[in-house]
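The values are calculated or read from the model by the stated rules, or taken from the named source; none is laboratory data. The shown structure was predicted, so the numbers you read here are calculated from the model rather than taken from an experiment. With ideal geometry, Cβ positions are generated from the backbone for all residues, glycine too; neighbour counts draw on all protein chains shown.
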Amino acid sequence: MHEYLRGLNEQQRAAVEHTKGPLMIVAGAGSGKTKVLTTRIAHLMANGVDAFNILALTFTNKAAAEMKERIERTLQSTEARNLYIGTFHSVFAKILRYEASKIGYPSNFTIYDTDESRSVIKTVVQEMGLDEKHYKPNIVHNRISSAKNALMGPMQYLMDSALQQEDARANRPAIAKIYAAYAARCFKNGAMDFDDLLLKMYELLKTHNEALHKYQHKFKYIMIDEYQDTNPVQYEITKLLAAVHENICVVGDDAQSIYSFRGATIENILQFQKDYDDVKVIKLEQNYRSTQNILNVANKVIGNNKNQLPKVLWTDNETGELIKLIRTGTDNDEGKFVADTIKEQKLRNHYYNKDFAILYRTNAQSRAFEESLRRMGIAYKIYGGLSFYQRKEVKDMLGYLRIIVNQQDEEALKRVINFPARGIGKTTIEKCVIYANEHNITMYEVVKRAGEFGFKAGTLEALNNFTTMIRYFQTMLETNNAYDVAVQVGKHTNIVKELFNDKTTEGLQRYENVQELLNSIKEWTESPSNDDGEQGDKSLGSYLQQITLLTDTDKDEENVDVVKLMTIHAAKGLEFGCVFVVGVEETLFPSAMSINTREELEEERRLYYVAVTRAKDKLWISFANSRYRFGQLVQNEPSRFLDEMPKELLDMTHAASSSRMMGGGNSFGSSFSRNSGNGFAINDAEQAAKKYGPPPEKKGLSYLTKSTAIPKLTAHTPSGNFEASDVSDMEAGHKIEHQKFGFGIIMKIEGSSHNPIATIEFELNGERKIMLNYAKLRIIK
DNA sequence: GATTGCGCGATTTTT
DNA sequence: TCGCGCAATC
């Protein structure tokens, strides 16, 4: 028996050894999925399959890198570097770069990230003379993105009556036209967005038989990780590629499907068994990651979902500690609690920073934890949010490199043509764009031939100087490597010098970022070619294409000792000794946007499942009575998911006994229910108190914000049938009755019109700020 | 043509 | 609260 087969359980081994024909591995959380995948590839190679003939598609670059490394270790050989392994996006980008001319693109095509796509949409909407307020870039982009992921071009979009009706109803009938213009503009710019990397790959295979045959033949063995998160384009592409050999192995867990907003559909994993004859299905149900308590909680919660493949996840691991449930007064208290607990755990149980992860639903929640960790002197890193490559100074530098490599790229040109300022202003740029559109040439072409378009002498000179500089960089690129050119760009444009002279903290940071960028280019240039025989390519163009697809979770920083903060989405596939799942409140988790259909809610629940199953040893789940949103303190109920966890597995006394780090006073009494029919939350508070222990006592801690201290409530019982009045009728000066606080006078109304906040002086309960949308008030006079 | 300041709208999740 | 877009000003 091969050495690498030892240490696999029966099912894992069966999955590894089943190499011929379609295979579906249903892999529960923590069931050794990566191990199976890597061992399976090693096994193929050990049995004579050429690495060049194996395609493995993963969800993140990090997963790909990790797999590659593990295979090398298993086989004690560098052959693994010949594997085609990476994310859908990066693998297809590589292939498209090679095949670009077949579909009319330059091989140096630019890849637009989401920001750039939106920016192009914005220009297109402007140029079409449409109302920008109405056709907001992110809304339009989402529509287009969904269409692309569903294999729909502009024409099909226009012909689709369901989509047309939706757009008409939303009063956005021009989306199909914008889509067409956007696609045309991207093409003209020699650019693809993220979705194009999939869509164009599909089109390539569909329209070019020789390309289809080539890759069908090349990829004799195909493996796809996280299959539950693939979307229709990805599904169609892999189906095409696998059609000849049918050696396709998909790995997934329907319980962890969390990307439907990106077009992913569980249908793919359910459909797989029908697509091929004789599909072998193997279930990996033993969990090696978590304690029994953690796993039991996770199983119980996910059991509330109706749509799922039957499986039972179990573990041999020890029972472990109870799951600790924590209620805090505010989001700041929550941050403080987590930082305190980390400090305590490090001292008591000798954990390192890197053993901890703080997982939240939205990026905006990171702030409170950032502050508290910084105050406690605990090293941390936030993943997600603004990535390195999205920073302005980095984008500016990259803008130059992009226009050097691809002169069609109008986005890049507009970004750098007057940065640093060189007297080419808005009007000039607008003129260039108009001339370009009129003559159907690229904007760069207009700039290059500025003399033909009647610019004023000064402007003309500025434009000419600019193109001379770009041309200088281009010729330089012929004889120098990417790094040298990048350094020259920094010098010649004065970008580096300007940042260097900026001695503010931010300026220093920006300078360092540019230096880091240069280092990364250097590293790329000098690292050994990856031996893939066909496209081992160290050109600047290749560099630019790859970095757009990088996220900061991809950077392997295992040995850096920091607490990790990230969204639950970003945490998929990762595991940590100690996990804090925070902000587990209604409207936040589940998100208010995702509680309208069963499908949406079930996805939120799967997300919760993913969060909980990241933990190996210890799990804390926290929620706050109130938190700042839009700069206002708002109250939330505890999440419904908390009710779905079996109480005997929860340590709820912790919430009450650790009140030393929590505040909020009697803030329960003032929380407003969003959905309980009677419009106030005191019942919820009582229920919550029963369920999760008594509300934390206030101990006057300095970090508590004043607004959490709310005067004691004097209860009020409304007279007769209480009928709430229309919010829009309310004005300052009105006398009102509140269901719980009793009679009062509206002092003022502020806040936005869709979220008005009234300051009301109550007879018995003092002055309070009331959110009119949630509270029910009756106008007396 | 660049800089500053004010007012308004925004929060899901990401390759 | 924060960041962005727009308008006013030099």
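Go through segment A:63-86 and count every residue that is small (Gly, Ala, Ser) and surrounded by fewer than 17 Cβ atoms within 10 Å (Cβ to Cβ).
Filtering segment A:63-86 down to residues small (Gly, Ala, Ser) leaves A:63-65, A:77, A:80, A:86.
Cutting the leftovers down to surrounded by fewer than 17 Cβ atoms within 10 Å (Cβ to Cβ) gives us A:65, A:77.
Matching residues across segment A:63-86 total 2.
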- prompt: Taking only pairs six or more apart or across chains, which ones have beta-carbon atoms under 8 Å, a first residue in segment A:179-205 that is free of Cβ contacts under 8 Å to residues at least 40 places away in the same chain and over 20 Å from A:Ile95 (Cα atoms), and a second residue that is hydroxyl-bearing (Ser, Thr, Tyr) and more than 16 Å from DNA strand B (Cβ to nearest atom)?
  reply: A:Tyr179/A:Tyr157
field: Filtered residues of segment A:453-471 (kept if small (Gly, Ala, Ser) and under 22 Å from A:Glu438 (Cα atoms))
entry: A:Gly454
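Could we say that A:Asn465 is closer than 22 Å to A:Ser107 by Cα and surrounded by fewer than 19 Cβ atoms within 10 Å (Cβ to Cβ) here? Lay out the reasoning, then the answer.
Numbers: closer than 22 Å to A:Ser107 by Cα: no; surrounded by fewer than 19 Cβ atoms within 10 Å (Cβ to Cβ): yes.
Criteria not met by A:Asn465.
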task: Scan (1) surrounded by 14 or more Cβ atoms within 10 Å (Cβ to Cβ); (2) within 14 Å of DNA strand C (Cβ to nearest atom) for the single condition A:Leu151 breaks and write down its number.
output: (2)
- prompt: crowded, with 19+ Cβ neighbours inside 10 Å, aliphatic (A, V, I, L, M) and either within 11 Å of DNA strand B (Cβ to nearest atom) or at pLDDT 95 or above (or both) - does that describe any residue in segment A:616-624?
  reply: yes
field: In segment A:87-117, the residues that are surrounded by 17 or more Cβ atoms within 10 Å (Cβ to Cβ) and either within 13 Å of DNA strand C (Cβ to nearest atom) or among the polar types (S, T, N, Q) (or both)
entry: A:Thr87, A:Ser90, A:Ser107, A:Asn108, A:Thr110, A:Glu116, A:Ser117
- prompt: Name the residues in segment A:410-428 that are near DNA strand B (Cβ under 9 Å from one of its atoms) and either closer than 21 Å to A:Gly129 by Cβ or charged (D, E, K, R) (or both), would you?
  reply: A:Arg422, A:Lys426, A:Thr427
message: Against the conditions (1) under 28 Å from A:Leu96 (Cβ atoms); (2) within 16 Å of DNA strand B (Cβ to nearest atom); (3) part of a helix (DSSP H, G or I), where does A:Ala180 fall short? Just the number, please.
response: (2)
task: Return yes when A:Phe187 is among the aromatic types (Phe, Trp, Tyr), under 23 Å from the mean Cα position of the chain (by Cα) and within 30 Å of A:Glu127 (Cα to Cα) and no when it is not.
output: no
message: If I filter segment A:604-650 down to residues being within 16 Å of DNA strand C (Cβ to nearest atom) and in a strand (DSSP E or B), which single residue comes out as farthest from A:Ile326 (Cα to Cα)?
response: A:Gln632
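To keep it simple, each residue is scored yes or no on (1) crowded, with 17+ Cβ neighbours inside 10 Å; (2) under 30 Å from A:Ile434 (Cβ atoms); (3) among the small types (Gly, Ala, Ser); (4) modelled with pLDDT under 95.
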site	(1), (2), (3), (4)
A:Arg143	yes, yes, no, yes
A:Tyr157	yes, yes, no, no
A:Gly190	yes, yes, yes, no
A:Leu198	yes, no, no, no
A:Leu204	yes, no, no, no
A:Tyr215	yes, no, no, no
A:Leu241	yes, no, no, no
A:Val244	no, no, no, no
A:Val250	yes, no, no, no
message: Which numbered condition in (1) more than 16 Å from DNA strand C (Cβ to nearest atom); (2) within 19 Å of A:Val233 (Cα to Cα) is the only one that A:Asp167 fails?
response: (2)
Residue ID - surrounded by the most Cβ atoms within 10 Å (Cβ to Cβ), chosen from residues in segment A:35-62 that are more than 22 Å from A:Leu241 (Cβ to Cβ) and not aliphatic (A, V, I, L, M): A:Thr39
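Residue by residue, here is whether (1) away from DNA strand B (no atom under 14 Å from the Cβ); (2) within 22 Å of A:Gly399 (Cβ to Cβ) holds:
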{"position": "A:Ile85", "(1), (2)": "no, no"}
{"position": "A:Ala93", "(1), (2)": "no, yes"}
{"position": "A:Pro106", "(1), (2)": "yes, yes"}
{"position": "A:Asp115", "(1), (2)": "no, yes"}
{"position": "A:Arg118", "(1), (2)": "no, yes"}
{"position": "A:Val124", "(1), (2)": "yes, yes"}
{"position": "A:Ser145", "(1), (2)": "no, no"}
{"position": "A:Asn149", "(1), (2)": "no, no"}
{"position": "A:Met155", "(1), (2)": "yes, no"}
message: For the list (1) modelled with pLDDT of 95 or more; (2) in contact with a strand residue (DSSP E or B) (Cβ under 8 Å, 6 or more places away or on another chain), I need the number of the one condition that A:Val16 fails.
response: (2)
field: Per-region count, segment A:16-35, residues touching a Cys at 6+ places or on another chain (Cβ under 8 Å) and under 24 Å from A:Asn61 (Cβ atoms)
entry: 1
- prompt: What is the number of the single condition among (1) closer than 30 Å to A:Asn299 by Cα; (2) at pLDDT 95 or above that A:Asn61 does not meet?
  reply: (2)
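Just a yes or no: is a residue in segment A:416-426 closer than 30 Å to A:Ser594 by Cβ, of a type in the set (Phe, Trp, Tyr) and surrounded by fewer than 18 Cβ atoms within 10 Å (Cβ to Cβ)?
Among the residues of segment A:416-426, not one is closer than 30 Å to A:Ser594 by Cβ, of a type in the set (Phe, Trp, Tyr) and surrounded by fewer than 18 Cβ atoms within 10 Å (Cβ to Cβ), which makes the answer no.
Would you confirm whether any residue within segment A:228-243 is among the charged types (D, E, K, R) and part of a loop (DSSP other than H, G, I, E, B)?
Within segment A:228-243 (the criterion being among the charged types (D, E, K, R) and part of a loop (DSSP other than H, G, I, E, B)), the answer is no, since none of the residues qualifies.
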task: Tally the residues that are assigned to a helix (DSSP H, G or I) and of a type in the set (Gly, Ala, Ser), restricting the search to segment A:395-448.
output: 3
query: When you go through A:Ala486, A:Ala570 one by one, which is the residue that is outside any loop (DSSP other than H, G, I, E, B), within 16 Å of DNA strand B (Cβ to nearest atom) and either surrounded by fewer than 19 Cβ atoms within 10 Å (Cβ to Cβ) or modelled with pLDDT of 85 or more (or both)?
result: A:Ala570
message: Any residue in segment A:30-46 that is touching a residue at least 60 places away in the same chain (Cβ under 8 Å) sitting within a Cβ distance under 7 Å of a residue that is among the acidic types (Asp, Glu) and buried (at least 24 other Cβ atoms within 10 Å of the Cβ)? List the pairs, counting only those 6 or more apart or interchain.
response: A:Leu37/A:Asp225
- request: May I ask you to say which residue of A:Tyr444, A:Tyr380, A:Tyr389, A:Tyr360 is aromatic (Phe, Trp, Tyr) and over 24 Å from the mean Cα position of the chain (by Cα)?
  value: A:Tyr444
task: Name the single residue, out of those in segment A:573-603 being assigned to a strand (DSSP E or B) and of a type in the set (A, V, I, L, M, F, W, C), that is nearest to DNA strand C (Cβ to nearest atom).
output: A:Leu588
